[in-house]
Amino acid sequence: MTTPPRVLTIAGSDSGGGAGIQADLKTMLALGVHGMSVIAAVTAQNSLGVQGYWELPPEAVKAQLDSVLGDIGAQAIKTGMLASSVLVETVAEVLSGVSAPVVVDPVGVSKHGDSLLAPAAVGTVKSRLLPTATVVTPNLWEVEQLTGVKVENEDDLPRAAEAVLALGPEWALIKGGHLPGEPVDLLTDGSKQYRFHAERLDNRHTHGTGCTLASAIASHLALGEDVPGAVRLAKEYVTGAIAYGFPLGSGIGPVDHAWRWRTS
C-alpha cells in the first residue's frame, strides 16, 4: 500500500467546524493527502463569531510537533492561529529547522472580526515566523497589521507584496478578495509575478476561506507542485468551495470542502 503525502497543520480548533484545524483536515482529505495536526489553541466558535479562546501550554504544542515530525514527518506544513508570542516562538523555532515547505496564514482576526492574535505577538510573527515561510498568505487587513501598508485598489498590491517579502518569506500571496470589483490575488517572489482572477460569487457563506486556501496550497506543494502551480490549483478548489458554501446556524456558514464529491 502506498502512503499518501503528509501535511501538518499547526493552528487553532474551530468548534463550529468551518475554519481552523477542522477546515485544514477536511481540505487535506479532499485533495488526497494525509492531514496531521498540532493544536495551538481551542476556540468556542459558531456561525455568529468567536465567544472565547484558550491557548495550549507551549510545552504541549512543542510535544505535538516533536511527536509528529520525529516519527511521521511531513512533505508540507501549514500554520494558522497561533494566538500568542510564546506559541509563535515555539512553532518558529521548530520550523526553522525543517526542510519541508511552510505555508504561513498569518491569522489575526476571525471572519466576524474577533481577534485571534495577541497584539504583542504581531512583532514575533514578523521577526520569527515569516522568515520560515515558503509562502505567506495575508489578506488586506493582515497586510496592514504586519507592514502598515494599506491596500485600496489593485495597483497597491505590488507595494504590499514588497513590504511583506521584506519580512523574510520566499513568496507572498496578497489576497485581494475584499477589494471592489473582480477579486484578484497577487503572488510574487520579488522577481516573478502571477495574478489570479476569479468571479465575484454571490454567497455570504465563506467561513474558513483563508484556512482552506492555505491548506490547499500546502497540500498541492506536498503533491509535488511548485509554488505558482500549487496556488493556482488551490484557488480553483477554494473558488468551488465558496460557490457551494452553505448556511449553518444563524450567521455565516462555511465553505463546502466536499464540493467536488457532492457535484461529481
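Readers should treat all values here as calculations from the given coordinates under stated rules, not as data from a laboratory. It should be emphasised that the depicted structure is a prediction, and the values quoted were computed from it without experimental measurement. Cβ coordinates were reconstructed from backbone atoms using ideal geometry, including for glycine residues, and neighbour counts include every protein chain displayed.
Estimated from helical segments only, the mean residue ellipticity of the chain at 222 nm is -10000 deg cm²/dmol, where each DSSP H run of four or more residues counts as -39500 (n - 2.57).
The DSSP beta bridges internal to the range 24-144 are antiparallel in roughly 55% of cases.
Sequence-distant contacts, meaning Cα pairs under 8 Å at least 6 residues apart, place the relative contact order of the chain at 18 percent. Quick test of the membrane-span-like rule: which DSSP H helices of the chain reach at least 18 Å along their long axis (C-alpha atoms) with mean Kyte hydropathy at least -0.5? Once both thresholds are applied, what remains is 58-71, 209-222, 227-243. Around the amide H of ASN46, modelled in the peptide plane, lie the amide H atoms of GLN51, all under 5 Å away and 5 or more residues distant in sequence or on another chain. Convex hull volume per residue, computed on the Cα atoms of the range 126-211, equals 93 Å³. Our estimate of slack between GLU162 and SER96, defined as 0.36 nm per intervening residue step minus the Cα-Cα distance, is 21.5 nm. Between the C-alpha center of the range 39-55 and that of the range 180-253 there is a gap of 23 Å. With both residues required to sit in the chain, DSSP beta bridges show an antiparallel share near 40%. The length gained on full extension between ARG195 and SER250, counted as 0.36 nm times the residue separation minus their Cα-Cα distance, comes to 16.3 nm. Which of rounded, prolate, oblate describes the range 1-117, given a ≥ b ≥ c as roots of the alpha-carbon gyration tensor eigenvalues and a/c under 1.5 marking rounded, otherwise prolate only if a/b is larger than b/c? Since a/c reaches 1.5 but b/c is at least a/b, the shape of the range 1-117 is classed as oblate. Karplus-derived 3J(HN,Hα) values for the range 2-13, using 6.51 cos²θ - 1.76 cosθ + 1.60 with θ = phi - 60°, are 9, 7, x, x, 10, 10, 10, 9, 10, 6, x, 8 Hz; glycine and proline are entered as x.
For LEU179 and ASP226, the FRET efficiency from 1/(1 + (r/R0)^6), where r spans their Cβ atoms and R0 equals 35 Å, is about 0.85. Apply the a/c threshold of 1.5 to the C-alpha gyration tensor of the chain and tell me whether it is rounded, prolate or oblate. Rounded, since a/c falls under 1.5.
Does the range 1-57 classify as rounded, prolate or oblate by the C-alpha gyration tensor (a ≥ b ≥ c root eigenvalues; a/c under 1.5 gives rounded; else a/b over b/c gives prolate, otherwise oblate)? Oblate, since a/c reaches 1.5 and b/c is not below a/b.
Sorted on the mean count of surrounding Cβ atoms within 10 Å across their residues, most packed first, peptides 16-28, 236-248 read 16-28, 236-248.
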